[in-house]
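The values are calculated or read from the model by the stated rules, or taken from the named source; none is laboratory data. Not measured: the values here are computed from a predicted model. Heads up, the Cβs are rebuilt from the backbone with ideal geometry, glycines too, and the neighbour counts pull from every protein chain shown. Note: areas computed on protein heavy atoms with side chains; ligands, DNA, RNA excluded. Shrake-Rupley method; radii C 1.70, N 1.55, O 1.52, S 1.80 Å.
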Amino acid sequence: MVFPKSLFLSTLLILIIPFCFLSQTEIEIPIDKRVDDLLSKMTLEEKIGQMNQYNGFWNVTGPSPKEGNAKEKYDHLSKGWVGSMLNVRGANEVRAVQEIAVNESRLGIPLIIGFDLIHGYKTISPIPLAESASWDLEAIKKSAAMGAKEAAAAGINWTFAPMVDITRDARWGRVMEGAGEDPYLGSLISIARVQGFQGMDLSAPFTLAACAKHFAAYGFAESGRDYNTVDIGENTLHNMVLPPFKAASDAGVKTFMNSFNDLNGIPATADKNLQRTILKESWGFDGFIVSDWGSLKEMIDHGYARDENHAGELGINAGSDMDMESYIYLNEIESLLKENRIKIEQINDAVKRILKVKFELGLFDDPFKYCDEEREKKVTGSEEIRAGVLDMAKKSIVLLKNEGNVLPLKKKGQKIALIGPLADDKNSPLGNWRIAAENNSAVSVLEGMESYAENEIIFSQGVKLVNSIPAFHEEVQINTTDKCGFKAAKKAAKKANVVVMVLGEYGFQSGEGRSRTKLDLPGFQQELLEEVYKVNPNIVLVLMNGRPLVLNWAEGHIPAIVEAWHLGTESGNAIAEILYGDYNPSGKLPMSFPRSVGQMPLYYNYKNTGRPGANGADAGSVFWSHYGDEKNSPLYPFGYGLSYTTFEYSEIELSSNSLSMNSKIQASVVLKNTGNFKGKEVVQLYIRDHFASSIRPVKELKGFELVELKPGESRKVTFAIDAELLQFYSARKTWEAEPGAFSLFIGSNSSTKRMVDFELN
Ligand code: BGC
């Protein structure tokens, strides 16, 4: 029968018109229903496929891979046996793999495309530890959002970030990826990053699903050696490790990644208590958990799983939903189900979680929404993103010392010797985890300084760095055999009014697999510093590094020290602006800087012990908790950082020194800018709970405010304190505040002694 055209049109209009008056949400089928409908159509093989994640295979946009591993991956994609890929990037490349999944597989389920967007995609922002030094949550959120925008334009829709591991041991190379040692600051930064990546609307084409990692306690790897075992008690787990993860979950993070380490004898990947009981049940997390790279298989080496089949069973039962690159779920789930060692409900639950995130990203409505080559061209390296990473870089810099106001430098008529292997390096400032960035794409300090002011710059490398750019997986050492550049460096220093030395770690000397037993300046750099100092002590030391270093000699001799971390693409411009005083540094350390590597792990929120100090009954004896050859305190404490101006704090005013369980009290100080520059200060609030059912640290950060003041200007800063702020995970295994005596501190870093007492009744 031929349907008359006019009748067809009027029928169509009758059908369409009512919908024109309905809102988008009214005509949309709820996501849970769409997930259930799809699940009901899926075969077991297809379900297992969703739980399988593969690393990229190259040349997807070229001729289709015919051989080996790539051929196998291609076949699996077209059969619907792959739910996600990582490390496929670029609108073109992502389109090619997505086309296989969507057009060739039976149900056409789109892939979720993961990538380690840790600090920028092609345009690199400061390493996360550096960004955390800004204590500027809005800036951190914006930085994540800009990274998301650039990556989403290149096909990516899921980042394996934020890394929210609390880190106390600078020997561990991955401290560069996190927010440092404090759970309060770490939680706020965790929220800022999740919100930055995911935005208000996950289905928008410039936002990504975020991933809180590594769940859990990876940052407590014994002796700072990567992948090492972790043995910590409930007090530390709940009060220190878990808060930033809980914060991410509460902020609506879509995914979690588990971790390589074992926690108290159980690999995190198989930890049912962590993944099912705490995360999914108690916190109500409804996204999915991805394993870390091959971490299912690694359970065999841990000595926990008998074989791959057993590893699969352990992972499923513990609640790990997606297998990153170990092929175990793909190969083992079917037989595990047959043998009744896992349940189909567990598989259905995992698949539903994965599909839900894909629906929320809008991938089913348009699988190619992240694959727009035009947009990619426009967004990548745009002015807006470059300006954003420059802003973040300036905010991340920490001024550690400025004796005799060596800084800021004069803009004219100066001879500046610029010395050091990192001074002209365009690669190190990118840091580690910058997979999509072009090598050597950062602005070096030399470039930044040369373009900034009208001074004569005499550059000398002093010691060579590395001969060629090392690969991501290679061990890196800074030259330890060749001092022939010392002579030229000293000659340059002799001629100069001021020397700027750029020293520290090569970009790949921190990061995954980059644990160190020494935390000093690697290679001949310390010797170079001391040699140059002999001919011209008027030195500004600019540090580039991914972790706290031991800087005792420099602190004792060098008048000005600037912690510039690995600051990303705009590094040299940011550093020049700071050195010339057009930007006043305001960063504060998110990790304690040690006096000696032997102090590791070092953190400000330690417990007092029964023998805390030389002032008590043990004065004059050795029998108190200390080292015979070094102080207990750090060289630079958590929260420390100077400015070109000075700030004065008034005494603390407390509205009452008695707080009940359901009231509030206010603590305030008046902050005054007593120097000559406009500047920002991070006013920090710390609390000490003097006795409790489970011992509390000597100080805990409980609030902070970033305040900007003009010279001579004052402002009152007020913090509200209530019982909720004083809660902790107690001996009763619950979050509660316990009545008793507290002290409250307000100051410019964690070593502040400005204090008042109050009682919680
Ligand atoms: C790291 C993860 C990362 C994953 C994928 C692993 O080696 O531990 O943090 O997301 O690789 O690149």
(request) May I ask you to derive the FRET efficiency for Glu724 and Glu339 from their Cβ-Cβ distance with R0 = 45 Å, giving the value to the nearest 0.05? (result) 0.40
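Would you kindly give the portion of the calculated P(r) for the stretch 82-173 that falls above 17 Å, as a percent of all Cα pairs?
On the way: 2330 of 4186 pairs.
Tail of the P(r) past 17 Å holds 56 percent of the pairs.
With every protein chain kept in place and ligands, DNA and RNA left out, what is the accessible area per residue of the chain? Probe 1.4 Å, answer in Å². Walk me through the numbers before you get to the answer.
Details: 29730 Å² over 761 residues.
On a per-residue basis, the chain sits at 39 Å².
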(request) Sequence neighbours fewer than 8 away in the same chain don't count; with that in mind, list the lysines whose C-alpha is under 17 Å from Lys664. (result) Lys702
(message) Based on the alpha-carbon set only, what is the convex hull volume of the stretch 199-328 divided per residue, in Å³?
(response) 111 Å³
(message) In whole percent, and with a 1.4 Å probe on the protein chains, what portion of the accessible area of the stretch 496-590 is carbon and sulfur?
(response) 46 percent
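Can you bin the chain into rounded, prolate or oblate? Criterion: square roots of the alpha carbon gyration tensor eigenvalues sorted a ≥ b ≥ c, rounded for a/c under 1.5, prolate for a/b above b/c, oblate for the rest. Kindly include the intermediate steps, with their values, before the conclusion.
Numbers: a/c = 1.70, a/b = 1.40, b/c = 1.21.
Prolate shape, in that a/c is at least 1.5 and a/b is the bigger ratio.
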(request) Return the Rg/Rh value of the stretch 607-761, two decimal places, where both radii are evaluated on C-alpha atoms and Rh is the Kirkwood radius. (result) 1.02
(request) Of the listed pairs Lys142/Lys213; Lys483/Lys534; Lys79/Lys356; Lys297/Lys343; Lys297/Lys733, which have alpha-carbon separations greater than 26 Å here? (result) Lys297/Lys733
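Excluding Phe256 itself, calculate the net charge of residues whose Cβ lies under 10 Å from the Cβ of Phe256, where each Lys or Arg counts +1 and each Asp or Glu counts -1.
+2
Assuming R0 = 41 Å, can you tell me the calculated FRET efficiency for the pair Gln666 and Asn405, based on Cβ-Cβ distance, to the nearest 0.05? Kindly include the intermediate steps, with their values, before the conclusion.
Numbers: r = 36 Å, r/R0 = 0.89.
Efficiency, from the Cβ-Cβ distance: 0.65.
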(request) Go through 44-51, 713-720 and give me the packing order, highest mean Cβ count within 10 Å leading. (result) 44-51, 713-720
(request) Of the DSSP beta bridges with both residues in the stretch 388-590, give the percent that are antiparallel, rounding to the nearest 5. (result) 15 percent
(message) Could you put Tyr329, Tyr729 in order of accessible surface area, largest first, with the 1.4 Å probe and the full protein assembly present?
(response) Tyr729, Tyr329
(message) Along the Cα→Cβ direction, 7 angstrom out, place labels at Phe368 and Asn608. What is the inter-label distance in nm?
(response) 6.7 nm
(message) As a test, work out the antiparallel percent of DSSP beta bridges whose residues both lie in the chain, rounded to the nearest 5.
(response) 50 percent
(message) So, R0 is 41 Å and r is the distance between the beta-carbons of Glu530 and Ser650; what FRET efficiency does that work out to, to 0.05?
(response) 0.45
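Please arrange Phe623, Phe508 by accessible surface area, largest first, computed with a 1.4 Å probe and ligands excluded. Each step should come with its number before you reach the end.
Values: Phe623 130, Phe508 15 Å².
So the residues, ranked largest to smallest area, are Phe623, Phe508.
Need the full-extension length gain, Lys272 to His473, defined as separation in residues times 0.36 nm minus the C-alpha distance. One decimal, nm. Could the numbers behind the result be given before it?
Details: separation 201, 0.36 × 201 = 72.36 nm, distance 3.16 nm.
Taking 0.36 nm per residue and subtracting the Cα distance, the gain is 69.2 nm.
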(message) Need one number: the % of Cα-Cα pairs in the stretch 45-113 sitting beyond the 19 Å mark.
(response) 19 percent
(request) Convert each backbone phi in the stretch 39-49 into a coupling constant with the Karplus relation 6.51 cos²θ - 1.76 cosθ + 1.60 (shift: θ = phi - 60°), then list the ³J(HN,Hα) values in order as whole Hz, x for Gly and Pro. (result) 4, 5, 8, 8, 7, 4, 4, 5, 5, 4, x
(message) At 0.36 nm per residue, and after removing the present C-alpha to C-alpha distance, how many nm does the segment from Asn657 to Trp283 gain when stretched out fully?
(response) 131.2 nm
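Among 683-694, 455-466, 585-596, how do they line up from the highest to the lowest mean number of other beta-carbon atoms within 10 Å?
Working: 683-694: 18.4, 455-466: 20.3, 585-596: 25.9.
Order by mean packing, descending: 585-596, 455-466, 683-694.
Where does the chain land at 222 nm, in deg cm²/dmol rounded to the nearest 500, when only DSSP H runs of n ≥ 4 count, each adding -39500 (n - 2.57), divided by all residues? Mind showing how you got there, number by number?
Numbers: 21 runs with 212 residues, N = 761.
For the chain, the value works out to -8000 deg cm²/dmol.
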(request) Please give the per residue volume of the convex hull enclosing the alpha carbon atoms of the stretch 388-590, rounded to a whole number of Å³. (result) 112 Å³
(request) For Ala731 and His557, calculate 0.36 nm times their separation in residues minus their Cα-Cα distance, and state this gained length in nm to one decimal. (result) 57.9 nm
